[in-house]
Amino acid sequence: MAQPADPLAKTNFTFADSLSPYNVSMKAWLTQSNRQNELNGIATAIVISSSENKVLLVQRAAHDSMPGRWEVPGGAVDEEDPTILHAAARELVEEAGLVAAHFTRVVSEKAGLDPGYVFSNRAGTATWCRLTFAVEVESCERVTLDPNEHQAHVWATEQEVRDQRVEGLEIPITTNSVQATILEAFRLKRE
């Protein structure tokens, strides 16, 4: 498996002051944002940039929903997660074997939009909010995937994300929203 025996053991990260609203439990965030009746849960997504100004993309497993499509690591916030940021750090370890060092910002789909993309599950029975964070990791050198969730990974430049192609390999992104959010993360990093 990709994750260590205790993923929460590797959550000694820091975060920008602007991310304090996410350093709370899922229940607290839903209550504080007055969304507890609107949302069934929160998902996190993590944009990691390498020193070569590329982002990590992972390919969904063939047996999963949206098989073979590409996304950034992430997943659901669990009730047991002490904070939303801890959930994101846990998912990063579980899905990519990488350890969060510093959360720099929350990323929306484009400038001027509030963070958090709201979506429904495939059956239309639950509504989720995906919060995307830009994160610096301890090391980008060894990506270790959980084969139950992802089958490959690439490091992609901004243009490669835009073109959905890396060195001749097609990388169809899961949704337009995910692609837009990744491109916004590149834009924000340039500022």
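The values are calculated or read from the model by the stated rules, or taken from the named source; none is laboratory data. Computed from a predicted model, the values in this text were never measured in an experiment. Glycine gets a Cβ as well: all are built from the backbone with ideal geometry, and neighbour counts include every protein chain shown.
The numbered conditions (1) more than 19 Å from Gln164 (Cβ to Cβ); (2) modelled with pLDDT under 95; (3) not acidic (Asp, Glu) are all true for Ile48 except (1).
Of all residue pairs spaced 6 or more apart or on separate chains, those with beta-carbon atoms under 8 Å, a first member in the range 176-188 that is farther than 16 Å from Pro73 by Cα and among the acidic types (Asp, Glu) and a second member that is outside any helix (DSSP H, G or I) and modelled with pLDDT of 95 or more are Glu184/Val107.
Checked against (1) touching a residue at least 60 places away in the same chain (Cβ under 8 Å); (2) within 22 Å of Glu184 (Cα to Cα); (3) in contact with a strand residue (DSSP E or B) (Cβ under 9 Å, 6 or more places away or on another chain); (4) among the aliphatic types (A, V, I, L, M), Ala111 passes all but a single condition, namely (3).
Of all residues being closer than 20 Å to Ala76 by Cβ and β-branched (Val, Ile, Thr) in the range 96-121, which is surrounded by the most Cβ atoms within 10 Å (Cβ to Cβ)? Just the residue, please. It comes out as Val107. Beta carbons closer than 9 Å, at least 6 apart along the sequence or on distinct chains, pair a first residue in the range 15-41 that is closer than 28 Å to Glu138 by Cβ with a second that is surrounded by 14 or more Cβ atoms within 10 Å (Cβ to Cβ) and basic (Lys, Arg) for Ala16/Arg105; Ser18/Arg105; Leu19/Arg105; Trp29/Arg35. Here is a check on your reading of the model: is Thr132 over 28 Å from Ala62 (Cβ atoms) and either touching a strand residue (DSSP E or B) at 6+ places or on another chain (Cβ under 6 Å) or hydroxyl-bearing (Ser, Thr, Tyr) (or both)? No, not satisfied. Cβ separations smaller than 6 Å between residues 6+ apart or across chains give the following pairs from the range 48-60 residues that are farther than 16 Å from Thr144 by Cα to residues that are among the hydroxyl-bearing types (Ser, Thr, Tyr) and modelled with pLDDT of 85 or more: Lys54/Thr157.
Counting only residues that are more than 16 Å from Val106 (Cβ to Cβ) and not polar (S, T, N, Q), the range 40-54 holds 3 of them. Scan the range 123-135 and tell me whether some residue there is buried (at least 22 other Cβ atoms within 10 Å of the Cβ), polar (S, T, N, Q) and under 16 Å from Asn23 (Cα atoms). The answer is yes, given that some residue of the range 123-135 is buried (at least 22 other Cβ atoms within 10 Å of the Cβ), polar (S, T, N, Q) and under 16 Å from Asn23 (Cα atoms).
Only residues that are more than 17 Å from Glu95 (Cβ to Cβ) and loosely packed, with under 13 Cβ neighbours inside 10 Å were counted across the range 41-78, and they come to 3.
Across the range 101-117, the number of residues qualifying as closer than 15 Å to Ala45 by Cβ and modelled with pLDDT of 95 or more comes to 5. Would you please name the residue that is farthest from His150 (Cα to Cα), looking only at residues in the range 2-25 that are hydrophobic (A, V, I, L, M, F, W, C), at pLDDT below 95 and in a helix (DSSP H, G or I)? Residue satisfying both the conditions and the ranking: Ala9.
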